[in-house]
Amino acid sequence: MASIQWMAIRRRLKSFALLAAWAACGPLPGYAAANYEATDSLGTAKRPAAPADLIFRSGLIYTLNDRQPTAQAVAVAAGKIVFVGGNGESVAYEGPHTRIVDLHGNVLLPGIIDSHIHPALGEYFNRRLCNVQSFTLEEGYAKLAHCAKIAPKGDWVVAFGWYFTDNPKLSDVTLKRLDAIVPDRRLAVIARDFHTVWVNSVTLRDYSITRDTPDPAGGSYGRDPATHELTGALRDAAALGLINGVEHDSPYAVPTLELYRTVLPYLNSLGLTSMLDALADDDAEAAYRKLEAEGALTMRVSLAFRASAENYRTEIPRIGAKRAKNDSYIRVDYVKIFADGNAEDNLANMLSAYGKSGPAAHGYFTQAQMNEVVRLAEQNGLSIYVHSIGDGAARQVLDAVAAARKDSPCPKCRHTLTHLQWISPSDIPRLKQLNVIANIQEGWLAPRSIGGPAGYDYVKDTAAGPLGPTLAKRMYPFRQLGEAGARLSAGSDWFFTDENPWNDIEAGATSRDPGVADSVAMLPDHAVDVKTLLKARTIDAAYQLFDEKETGSIEAGKDADLVVINQNILEVPVDQIHRTKVLMTFFAGKEIVAGH
């Protein structure tokens, strides 16, 4: 207890020292919203027309506004920030009913943004399904047998969590063994990355999948290389209909609205006030709008609806029509495209990979189709948001955007490449040139970010495979993208990887596993400084979501999306950022995570 009290005293002393330094430099500039009496751009605040509802004081306030990087106090009225400046100036905004929040030297930031997340799937897969994460085949089979034993009554057994980094032998899973574990009910074992589902013979029969069934565009059915018989593995588009059946028409079904009612408060508790739902559908949109109509939506939401190579000509105009509703906290600006699949499934579109020369030919779109996708999206007021793993996929998308720019400018376009596990060094400068946003998963720079046993290193594992050491060391060139001038936004890609933004920021800045003392940096030359990562989670992410005029920084006139945390992540040792605790979260001036 004494050490905790001493830490608190030290934090306050540090705060007082900083305030004294500010005072020595003269008064802090004050900024006021237009509906209050204005201030000079660098002058002191004049008395407002009405008192504020809320005033934060006596903390370390990082605004993410380059014109006024720090402040001592913030005033809020009617959900909007009306003043940012010094403690003394904020007194003018007090009224008889103003709530004063003494920050006691803690840190106030703009609300955190996750610009790539799957909230309903995160809640459903990680918190509702039977977990079968395992590191050997026998362990995986044993856990699956347990899931079958405790499965709810009905015609399904569903589990979640197998993954190739945990268990490379998953390619040896046999249909015979799956049938032995679940012989008389449908089975679905969903991989932790959502890209593979293992099923038994009952499921194959009920979904009319045979050895002669052709692979769908953007997916494949696993087949034995010698006999061509089905193995029970369904990949990407081949599994989507089945997963939809599990989610909505099985004993495991949970209404999407219920998932959001549970998961949004949880994400708020991590400091999130905005997100991009990176694989939305009509059901998700309806649930979000229901919450908003109830006054229960505690998150600014951007929805990216998927279009495939089979349906993009009809789907993109349908998605574009949804933009007419962009007058609330819910926006539709993106069409989600899977340019390729994951390297672990040998589905990444690499310029040269898998022991062969020339393109790997695993892209889900032809170049002509991708060019048409970009043009059609732009014609419908949309930007593309592209799952891009291989360097061939990144080049294909950049070439498509470049082709569109030859025809016409698109000042409102905010085309985005997400993941960028690989990108050719020669293509890195093209993101800035073409105004394409790099949406990174900074947490992926940690060795065990996507799984593996203790001591696992994803780069070493990749280097030992068909991609080889050269390509392995080129993964996740996030620092290089930023240094080349690309705008970086960041997201967790939860359900797949860690949803905690503070863990992700630490991993992105150290390339080590957060909170693991003996973790070795995996790609230290690709790590990004904390300030850049914080921008990627606030103002630059807000730009990606077309919300930079409303949120992402602490400025007069913007919505009061704010988070109070217990430590200054820009000054603490970088390997301590994972210790960050969210003390309070505010959405549009409303407290949604109470102080404690």
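The values are calculated or read from the model by the stated rules, or taken from the named source; none is laboratory data. Note that this is a predicted model, so its numbers are computed, not measured. Glycine gets a Cβ as well: all are built from the backbone with ideal geometry, and neighbour counts include every protein chain shown.
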Here's a check for you: in segment 243-259, which residue that is part of a loop (DSSP other than H, G, I, E, B) and of a type in the set (A, V, I, L, M) is surrounded by the fewest Cβ atoms within 10 Å (Cβ to Cβ)? Ala253
Unique match (being over 30 Å from Asn326 (Cβ atoms) and modelled with pLDDT under 95) among Pro477, Pro466, Pro429, Pro447: Pro466
Scan (1) out of contact with any strand residue (DSSP E or B) (no Cβ under 8 Å at 6 or more places or on another chain); (2) of a type in the set (Val, Ile, Thr); (3) in a loop (DSSP other than H, G, I, E, B) for the single condition Thr298 breaks and write down its number. (1)
Of the listed residues (Asp66, Asp114, Asp172), the one being modelled with pLDDT of 95 or more and over 28 Å from Tyr288 (Cα atoms) is Asp66
Scanning segment 113-122 for residues that are in a helix (DSSP H, G or I) and of a type outside the set (Gly, Ala, Ser), which turns out nearest to Phe164 (Cα to Cα)? Leu121
Restricting to segment 205-242, name every residue that is within 29 Å of the chain's Cα centre (by Cα) and over 22 Å from Val182 (Cβ atoms). Pro216, Ala217, Gly218, Gly219, Ser220, Asp236, Ala237
Those residues of segment 302-326 which are in a helix (DSSP H, G or I), among the basic types (Lys, Arg) and buried (at least 19 other Cβ atoms within 10 Å of the Cβ), in sequence order: Lys322
Which residues, taken from segment 517-538, are under 22 Å from Leu417 (Cβ atoms), touching a Pro at 6+ places or on another chain (Cβ under 7 Å) and either at pLDDT below 95 or of a type outside the set (D, E, K, R) (or both)? Met522, His526, Thr538
Only residues that are out of contact with any Phe, Trp or Tyr (no Cβ under 7 Å at 6 or more places or on another chain) and polar (S, T, N, Q): list them for segment 397-422, please. Ser408
Filtering segment 402-418 down to residues that are closer than 18 Å to Ala368 by Cα and more than 23 Å from the chain's Cα centre (by Cα), which residue is surrounded by the fewest Cβ atoms within 10 Å (Cβ to Cβ)? Lys406
Determine which member of the set Ser492, Ser519 is buried (at least 19 other Cβ atoms within 10 Å of the Cβ), among the hydroxyl-bearing types (Ser, Thr, Tyr) and out of contact with any Lys or Arg (no Cβ under 7 Å at 6 or more places or on another chain). Ser492
Among the residues that make up segment 245-252, is at least one of them within 30 Å of Leu108 (Cα to Cα) and among the hydrophobic types (A, V, I, L, M, F, W, C)? no
Of all residues in segment 267-295, count the ones that are part of a helix (DSSP H, G or I) and among the aliphatic types (A, V, I, L, M). 6
Across segment 62-86, which residue is nearest to Gly105 (Cα to Cα) among those that are in contact with a helix residue (DSSP H, G or I) (Cβ under 6 Å, 6 or more places away or on another chain) and among the small types (Gly, Ala, Ser)? Ala73
Within the group Asp559, Asp525, which residue is outside the structural domain of Asp53 (by TED's automatic domain parsing), buried (at least 22 other Cβ atoms within 10 Å of the Cβ) and in contact (Cβ under 8 Å) with a residue 24 or more places away in the chain? Asp559
Which of the following residues is of a type outside the set (Asp, Glu) and either assigned by TED's automatic domain parsing to the domain that holds Phe496 or under 16 Å from Tyr62 (Cβ atoms) (or both): Gly95, Gly111? Gly111
Which count do you get for residues in segment 252-268 that are among the hydrophobic types (A, V, I, L, M, F, W, C), out of contact with any Ser or Thr (no Cβ under 7 Å at 6 or more places or on another chain) and closer than 18 Å to Val563 by Cβ? 2
Check segment 477-486 and report whether any residue there is farther than 21 Å from Trp162 by Cβ, touching a residue at least 24 places away in the same chain (Cβ under 8 Å), assigned to a loop (DSSP other than H, G, I, E, B) and of a type in the set (Phe, Trp, Tyr). no
From the list Asn131, Asn126, exactly one residue is closer than 30 Å to Phe587 by Cβ and surrounded by fewer than 19 Cβ atoms within 10 Å (Cβ to Cβ). Which is it? Asn126
Mind checking which residues of segment 414-455 are part of a loop (DSSP other than H, G, I, E, B) and of a type in the set (Val, Ile, Thr)? Ile423, Val436, Ile450
Could you tell me whether Thr227 is modelled with pLDDT under 95, part of a loop (DSSP other than H, G, I, E, B), β-branched (Val, Ile, Thr) and surrounded by fewer than 16 Cβ atoms within 10 Å (Cβ to Cβ)? yes
